[in-house]
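Q: Please read through the structure below; I'll follow up with questions.
Every number here is computed from the coordinates shown, using simple stated rules; none is lab data. Since we're looking at a predicted model, the values are computed, not measured.
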Amino acid sequence: MPEFVNPFSGMVPERKMTMEELVRAIRLDVAGELEAIHGYMAHSDATDNPLAKAVLIDIANEERVHVGELVRLLSILTGEEDEFLKKGAAEVDTMVKKIAHPVQATAGEGVPSIGSLKSG
Ligand SMILES: [Fe+2]
């Protein structure tokens, strides 16, 4: 993401980053890739020019690959990123199952209500 107002952007600091700083930097890089995807897709959606749309979508897809590279790097650097990602995926999978098989919202014939469960 451009940082034209930061006069120190792109300059190498007097020291190397710590591991914690590197992890935070990579997280910021992921955010930059996601922002880039958003921008390219928004620009694609905002034009009728077929060549421009094709190029912008192609670039957006390349940025998606970069997200995958950076997330994999985070996984290696932190050693625990995959566990958090798996937990998040599992939470969504649980929601998907609830939506695919929603709980009966209204009691009908043959559907036990709380009252019938209490008396049974
Ligand atoms: Fe990128």
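Q: Kindly give the semi-axes, whole Å and largest first, of the ellipsoid equivalent to region 1-104, taking each as the square root of 5 times a Cα gyration tensor eigenvalue.
A: Semi-axes, largest first: 30, 26, 11 Å.
Q: What is the gain in length, in nm to one decimal, between Leu34 and Ser75 on full extension, counting 0.36 nm per residue of separation less the C-alpha to C-alpha distance? Before the final figure, lay out each step's value.
A: Details: separation 41, 0.36 × 41 = 14.76 nm, distance 1.76 nm.
This chain segment gains 13.0 nm when fully extended.
Q: While we're looking at this one, here's another question. Using 0.36 nm per residue, how much length does the chain from Lys16 to Asp58 gain when fully extended, once their Cα-Cα distance is taken away?
A: In short, 11.7 nm is gained.
Q: What full-extension length gain, to one decimal in nm, is calculated for Val65 and Val23 as 0.36 nm per residue of separation minus the Cα-Cα distance?
A: Working: separation 42, 0.36 × 42 = 15.12 nm, distance 1.87 nm.
Gain in length upon complete extension: 13.2 nm.
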